[in-house]
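S.K.: The structure's right below; bear with me while I get my questions together.
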């Protein structure tokens, strides 16, 4: 099956710094990638949808200047949390969808746990 | 608006018991997809099933079975002869035509030895 990886799997950063999370589709080309955030013991909330080569579409309430998404290639999307604060500490999960076959299939990455101190 | 409701926040059963996780959804679309995912303590989402709105056949996969009923907008998940390894958070989810997946709040399942 299709594999999506995320790097790093966990990261600790100091308040005020920026951190970048990578999402890669390893064995297929992902025309669309999605970024989710999950707070402890809560559900996954979609943050944004990114299509290769175009600007990301952010969900209501998500600050696009704070959560920068770049989908520069068909196998890589990055999420940069700028000027991170402790309230940004969360589990970030990406998913990727290919353009061929059953277009409804999204493959999820293993997640990145961000802790801001 | 689309919505997924998992009314059971937390369930505990003794190993080998059967357990059913409820899922009720709301959508105005006639074409949609329903999913179940398992999230063990490691955090990684494990895909269990996807069902489209035109296929109401129940599905069985080993100890897992799913009951999709459009009349009641429900997509319930049953684990038979539960095992400790089944302990996890289970999410029901709904996807519309534009691929946006809406997750329920999840049901935390504890299987007690």
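S.K.: Are any of the residues in the range B:2-23 without any contact (Cβ under 8 Å) to a residue 40 or more places away in the chain and over 13 Å from the mean Cα position of the chain (by Cα)?
M.R.: Going residue by residue through the range B:2-23, those that are without any contact (Cβ under 8 Å) to a residue 40 or more places away in the chain are B:7.
Checking the rest, the ones that are also over 13 Å from the mean Cα position of the chain (by Cα) come to none.
No, because not a single residue in the range B:2-23 is without any contact (Cβ under 8 Å) to a residue 40 or more places away in the chain and over 13 Å from the mean Cα position of the chain (by Cα).
S.K.: For the range B:29-51, check the following and say yes or no: at least one residue is closer than 22 Å to residue A:97 by Cβ, at pLDDT 95 or above and assigned to a loop (DSSP other than H, G, I, E, B).
M.R.: No, every residue in the range B:29-51 fails to be closer than 22 Å to residue A:97 by Cβ, at pLDDT 95 or above and assigned to a loop (DSSP other than H, G, I, E, B).
S.K.: Looking at the range A:41-74 only, could you name the residues that are touching a residue at least 12 places away in the same chain (Cβ under 8 Å) and within 14 Å of another protein chain (Cβ to nearest Cβ)?
M.R.: A:44, A:45, A:46, A:47, A:48, A:49, A:50, A:51, A:56, A:59, A:62
S.K.: What tally of residues in the range B:63-106 results from selecting those that are touching a strand residue (DSSP E or B) at 6+ places or on another chain (Cβ under 7 Å), assigned to a strand (DSSP E or B) and away from chain A (no Cβ under 11 Å)?
M.R.: The number of residues fulfilling the criteria is 14.
S.K.: Yes or no: residue B:53 free of Cβ contacts under 8 Å to residues at least 60 places away in the same chain and more than 14 Å from chain A (Cβ to nearest Cβ)?
M.R.: On the way: free of Cβ contacts under 8 Å to residues at least 60 places away in the same chain: yes; more than 14 Å from chain A (Cβ to nearest Cβ): no.
No, not satisfied.
The values are calculated or read from the model by the stated rules, or taken from the named source; none is laboratory data. Here the structure is a predicted model, which is why all the values come from computation and not from measurement. As a convention, Cβ positions derive from the backbone with ideal geometry for all residues, glycine included, and neighbour counts pool all protein chains shown.
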